[in-house]
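Colleague: Shown below is the structure under consideration.
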Amino acid sequence: MIGMLSRSIRAGATHTQRLCALNWTTLRNKKLVRGYVVPPATLHLLEDCLELHYRGSRMHLDYVWLRDHCRSDSSFNFKTNQRNLDTGSIDLNIRPDHTKLEDDHLIITWPGGHTSNYSLCWLAENSYEGKKQSTIQPRILWNADIYNNSHVASSKWDTFMSSDDELKMFLQNYLLYGIAFVDDVPATVEATEAVTQRVSLIRETTYGRMWCFTSDFSRGDTAYSQLGLDRHTDTTYFHEPCGIQVFHCLKHEGTGGRNLLVDGFYAAETVRLQSPEHFDLLSHVPIRHEFVESDDGHHNHMIGIGPILNTYPWNNEVYLIRYNNYDRSVINTIPHNVVRRWYVAHRQLTMELRRPENELWIKLTPGKVIFIDNWRVMHGREAFTGVRQLCGCYLSRDDVLSKARGFGLQA
Ligand SMILES: [Fe+2]
């Protein structure tokens, strides 16, 4: 059910794309869409806002907001895409002197004579009502079957390093599924660094710029052992957890050590569908994660505070899951009459994350580099024997998404 839902999101255009496509169809068909006459846009000036009916949508546009979003040359710098207007200078009781609709544009004359001109498509896309109906980042949510049946192609090192089309396809897969692979990468730290820099800037942390894992307990973290690791996201103890995790297994002579991947958003959507009250608790109650390390070489004390599920308030879309039972700290941010309900909600999410059908197990081998959306997809591993050397790094989420937008991808 969730897979179907997400596929429909993938196939769906944004609200404005739908509106503008409708506009084009309407013109071509002489104002007829499926036999109905599309009514013209209409305006109503209310006490504190302008009500605009356009292509089946009703929008409420606050007068101060309209003046603040004027796109005249004196109000906005189109070379830098920055606002010129001093918002602090707008009269908070401002009202238009005159309004009119002309050629799918809204034209407002303000007290003092300044004129603003807005395309109705732009208003539809940027209104609250428009944003409420649109998805920030289309995704395909998955369990093991959905992912395996999607047959998502891996990129190959040679083409990945030289072809922008290949990089764009990789980023599209990454955005949709939260994981993406590059194969045939030379099994060195240097090549791993090169392949990650093709995608984005590396985010340096207390673990270094590029790190190498071995089971030598060189750091105060279970990851530096041969033990199995349950599913989790990393750096939950940062206020902004690292956006992307990169792994490359350079060598493993031994048994076990498969990696586990679980789509946290798939589990979160299941909780939302089955128990909205649990979803609400998990997305509003803030909790702490903490990392304390003190030895001869390293002294760290990190604290990150936030809910398990982070959603955009206007459309309730999940954009970050912060889930790490190892690093979750003392719960002292929830009153006693809520904490049991929070544990019940947390248990439901945990059960969804632990369903065998939601687990994607992969064996990382030298040459295969995986990129994981650390704000969405959990990772873990089974215990292993022998020498296993893993290298990788974190990437900045902002920079990866910026690169994707540069290719025209919705992110
Ligand atoms: Fe981890």
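Colleague: List the pairs whose first member sits in segment 87-106 and is part of a helix (DSSP H, G or I), whose second member is not polar (S, T, N, Q), and whose Cβ atoms are under 6 Å apart, counting only residues at least 6 apart or on separate chains?
Modeller: Taking only residues 6 or more apart or on different chains, the pairs are Thr87/Asp68.
Colleague: Right, something else. Name the residues in segment 129-149 that are at pLDDT 95 or above and loosely packed, with under 15 Cβ neighbours inside 10 Å, would you?
Modeller: Asp145, Asn148, Asn149
Colleague: Would you confirm, using the coordinates I've provided, whether Thr206 is farther than 21 Å from Leu320 by Cα, in contact with a helix residue (DSSP H, G or I) (Cβ under 8 Å, 6 or more places away or on another chain), surrounded by fewer than 22 Cβ atoms within 10 Å (Cβ to Cβ) and not acidic (Asp, Glu)?
Modeller: No: the conditions fail for Thr206.
Colleague: Of all residues being more than 16 Å from the ligand (Cβ to nearest atom) and basic (Lys, Arg) in segment 311-343, which is surrounded by the fewest Cβ atoms within 10 Å (Cβ to Cβ)? Just the residue, please.
Modeller: Ranking the qualifying residues of segment 311-343, first place goes to Arg340.
Colleague: Next question. Which condition breaks for Leu364 when tested against (1) touching a residue at least 60 places away in the same chain (Cβ under 8 Å); (2) away from the ligand (no atom under 15 Å from the Cβ); (3) within 23 Å of Ala144 (Cα to Cα)?
Modeller: Tallying (1) touching a residue at least 60 places away in the same chain (Cβ under 8 Å); (2) away from the ligand (no atom under 15 Å from the Cβ); (3) within 23 Å of Ala144 (Cα to Cα), Leu364 fails exactly one: (2).
Colleague: Filter segment 254-266 down to the residues that are part of a strand (DSSP E or B) and closer than 29 Å to Val387 by Cβ and list them by number.
Modeller: Gly256, Asn259, Leu260, Leu261, Val262
Colleague: When you check Ala153 against the structure, is it touching a helix residue (DSSP H, G or I) at 6+ places or on another chain (Cβ under 8 Å), surrounded by 15 or more Cβ atoms within 10 Å (Cβ to Cβ), over 30 Å from Leu85 (Cα atoms) and outside the structural domain of Cys49 (by TED's automatic domain parsing), yes or no? So that I can check it myself, show each step before the final result.
Modeller: On the way: touching a helix residue (DSSP H, G or I) at 6+ places or on another chain (Cβ under 8 Å): yes; surrounded by 15 or more Cβ atoms within 10 Å (Cβ to Cβ): no; over 30 Å from Leu85 (Cα atoms): yes; outside the structural domain of Cys49 (by TED's automatic domain parsing): yes.
No; evaluated as a whole, the condition is false for this residue.
Colleague: Residue by residue through segment 368-397, note down the ones that are aliphatic (A, V, I, L, M), more than 13 Å from the ligand (Cβ to nearest atom) and in a strand (DSSP E or B).
Modeller: Those that are aliphatic (A, V, I, L, M), more than 13 Å from the ligand (Cβ to nearest atom) and in a strand (DSSP E or B): Val369, Val387, Leu395.
Colleague: Residue check: is Arg198 free of Cβ contacts under 8 Å to residues at least 40 places away in the same chain, of a type in the set (D, E, K, R), away from the ligand (no atom under 12 Å from the Cβ) and farther than 18 Å from Gln389 by Cβ?
Modeller: Taking the combined requirement at face value, the residue satisfies it.
Residue-by-condition table, conditions (1) modelled with pLDDT of 95 or more; (2) part of a loop (DSSP other than H, G, I, E, B); (3) within 16 Å of the ligand (Cβ to nearest atom):
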| site | (1), (2), (3) |
| --- | --- |
| Thr236 | yes, yes, yes |
| Val246 | yes, no, yes |
| Cys249 | yes, no, yes |
| His252 | no, no, no |
| Ala268 | yes, no, no |
| Glu277 | yes, no, no |
| Leu282 | yes, no, no |
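Colleague: From the list Glu166, Glu125, exactly one residue is among the acidic types (Asp, Glu) and assigned by TED's automatic domain parsing to the domain that holds Ser72. Which is it?
Modeller: Selected residue: Glu125, the only one of Glu166, Glu125 that is among the acidic types (Asp, Glu) and assigned by TED's automatic domain parsing to the domain that holds Ser72.
Colleague: Go through segment 350-379 residue by residue and tally those that are within 19 Å of Leu141 (Cβ to Cβ) and in contact with a strand residue (DSSP E or B) (Cβ under 8 Å, 6 or more places away or on another chain).
Modeller: 17
Colleague: Which condition does Gly257 not pass, out of (1) modelled with pLDDT under 95; (2) out of contact with any helix residue (DSSP H, G or I) (no Cβ under 9 Å at 6 or more places or on another chain); (3) more than 16 Å from the ligand (Cβ to nearest atom), if it passes all the others?
Modeller: Evaluating Gly257 over (1) modelled with pLDDT under 95; (2) out of contact with any helix residue (DSSP H, G or I) (no Cβ under 9 Å at 6 or more places or on another chain); (3) more than 16 Å from the ligand (Cβ to nearest atom) leaves (3) as the failure.
Colleague: Can you pull out every residue in segment 220-234 that is at pLDDT below 95, out of contact with any helix residue (DSSP H, G or I) (no Cβ under 9 Å at 6 or more places or on another chain) and within 13 Å of the ligand (Cβ to nearest atom)? So that I can check it myself, show each step before the final result.
Modeller: Within segment 220-234, the first condition is being at pLDDT below 95, and the residues that meet it are 220-229.
Okay, now just the ones that are also out of contact with any helix residue (DSSP H, G or I) (no Cβ under 9 Å at 6 or more places or on another chain), so 220-228.
Asp221, Thr222, Ala223, Tyr224, Ser225, Leu227, Gly228 - these are the residues of segment 220-234 that are at pLDDT below 95, out of contact with any helix residue (DSSP H, G or I) (no Cβ under 9 Å at 6 or more places or on another chain) and within 13 Å of the ligand (Cβ to nearest atom).
The values are calculated or read from the model by the stated rules, or taken from the named source; none is laboratory data. Nothing here was measured: the structure is a model prediction, and the numbers come from that model. Cβ sites come from the backbone with ideal geometry, for glycine too, and all protein chains shown count toward neighbours.
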